[in-house]
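Each remark here refers to the structure printed beneath this line.
No value in this document is a laboratory result; all are computed from the given coordinates. Since we're looking at a predicted model, the values are computed, not measured. Virtual Cβ from ideal backbone geometry, glycine too; neighbours counted across all protein chains shown.
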Amino acid sequence: MVVGALRFVDNPETRLSAQEVERRTSRSRSIVVLNAMDHLSVENLQALIIVAFCDIGNGDASKAWSIVGSLTRTVEYLQLSIESDHREKEPLLKPLPSIDPPQNWTEEEERRRVFWNIFNLDRFCSVTTGWNTSLTSDDVHRRLPADGGLWHKEESVITPYFGIWDRSAAKIGNSIAFLPAHYPSPEQTADAPPQTPVSANPNKGPNTVDMTTVGAFAYCIEATESLSRVTTYFLQQKINFQDRQEVSSWLTRFKELDLRLVHWKMFLPQKWKDSNISRQPALINMDPNLTLAHVTHNTSMILLHQRIAYPEARWSNIVKLPSFCSAETCQIAAVETATITQKYLKYTPENSPATSQFAFCVFISARVLLVHWRYYDADLVPEFWLLVEGLEEMAKRWVGPILREKHGLCLAGKYAAQLRELHHKCETDSQFTVDVLGYSSGISGQGCSPSAQTPGFSHHQGNALFSQPSKATQPPSSSPLAPHQTSAASQSRPPPIFPTQQSPNQLRQGSMIGPMGSPLNITGFTPRESDAPDELSAISHMLMDQRFMEMDRIISFDDMMFTAQTANPGQSGMSVSGWNQVDNSRLE
């Protein structure tokens, strides 16, 4: 708690200097890490989780990854990755028990939440570094955490198991259409045999899974896993773009992941998206977990669509892509994330930090607006600067009042500096092109030549969390908003997604503008032999279908519910000073 909270203690009578805060924090961190290595316990896991979250948010991710790696192994040693009552199949050689069984449901739920926090750290580590996930379907057989209100009241409930995909079952070429998102526990389907994420029968439908007992944290876990799936099962796949069968399988995977994300948004329970359900409509209480789930969903859409939206020039002779639709999806997702971020920072206390995952989502959203600006030679929408300012505000919140002068060193501050420097390079170098998938390689790896070609493609991520912003240039410290522009995203809609000389209809028919405004003509696309149809032609035609392109993919501030409706009507979970005092009439 000293490591995580000391920098926020701002009592005039006991206020410490910045140097003293850093000294005590560093000493406490060393004590926690050393003690945690001495023996296995749930309490040590909880302490290391706090340390890892702090290291990542402080911009010291290189110190955090070894802790995350240790956590993912230790949580298995303590057998917290499986349910304590999961005894359908037991090995002949039983694992050594390291801790006593839970005494009651409340203690079991506490352990369950410890596991899912480690799971989220594992997924965030994978997404931002490109490393493989450590917790796989072989290791995990856990129910989702219960609604926070039920846990607070110690009311025992049963929640569904969360389906973790098997890597071999989800490799390119295998369909993921029927891999289940959830599967019921034996208690929920007493007459049915136990199921695993891979063996669950998709024909049973969602009616066998009761989702009424889960809360905002569970949906945040689902959204984080969706983000990890886009990275692991799409962007990191090695594809030979000279092989039509591989390209066809890759685009099929794109379509399947897109549909799963659309369905996740579509089938969110009504209480999580109905803006009229609040029992206190005059108050705005943006739940951190639910808000993070929504911006993470939008970020998943950006990462999934941006490679299709901004394809390499050499692809023009291989396949016809719905680039206009994907570019529109990326831009709308980024703009809506800007709105959500702005409202979240407005309606939450100034002393409440935002998570590193939130900062990552804001960074990805701002970066794709830069990519779009350079790729299509369009106008840079004002929401870019709103996102940069949002990151800078997150940085100030993260370091707290005592360390305010060092906000540029934390993760959110580094992201903001990268974006400003990247924008500066674009302004000063007309030939500089933003690498679509270079977002995790630091400023040195984010630019590329328009003529750069490679025979294959895979998503190799670098180490943005390890890198320091380049000091070669000194970008301006304030946002270059024009005098007539407003800081409110809702008061200014983005300009046309594409330059005026290129109509959306033309793009839907197959022609597009390439990097730096150069034309790409994909109307001359030819399959292997004399326009003979094949699987690649079929999937390309399917992706160009009007119904596919017009699906509702993005979560906006206006149509979603960001206040967590817990199962405890008397109070909204854990109250934080100042969080429930916001007047709805101020909402713009």
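Quick notes
- With 0.36 nm allotted per residue and the present C-alpha distance subtracted, the SER556-LEU259 stretch has 105.1 nm of extension available.
- Residue-count net charge about GLU393 - beta-carbon cut-off 14 Å; Lys, Arg +1, Asp, Glu -1: +2
- Residues listed by number, the range 39-73, amide nitrogen under 18 Å from SER98 label point at 7 Å toward C-beta: 39-52, 65-73
- The length gained by stretching the chain between ARG547 and GLU43 to full extension, at 0.36 nm per residue less their Cα-Cα distance, is 176.3 nm.
- Label-zone membership for the range 38-64, site SER26, 7 angstrom Cα→C-beta point, backbone N under 19 Å: 51-52, 54-64
- Estimated from the Cβ-Cβ distance and a Förster radius of 35 angstrom, the FRET efficiency linking ASP85 and MET1 is about 0.65.
- Inter-part distance where the range 93-144 and the range 42-65 are each reduced to a Cα centre, Å: 16 Å
- Above-threshold pairs, the threshold being 32 Å between Cα atoms, out of LYS265/LYS346; LYS238/LYS265; LYS238/LYS343; LYS171/LYS425; LYS153/LYS265: LYS238/LYS343; LYS171/LYS425
- On the beta carbon distance between LYS346 and PHE267, with R0 = 30 Å, the FRET formula returns roughly 0.50.
- Cα gyration tensor shape of the range 326-429, rounded if a/c is under 1.5, else prolate or oblate by comparing a/b with b/c: oblate
- Neighbour-limited loop hits for trypsin sites (Lys or Arg not before Pro), the range 18-106 (at most 13 other Cβ within 10 Å; DSSP other than H, G, I, E, B): ARG87, LYS89
- FRET efficiency estimate (nearest 0.05) - Cβ-Cβ, MET211 to ALA313, R0 51 angstrom: 0.70
- Estimated distance in nm for a label pair at VAL9 and ASN174, the labels positioned 7 Å out from Cα along Cα-to-Cβ: 5.2 nm
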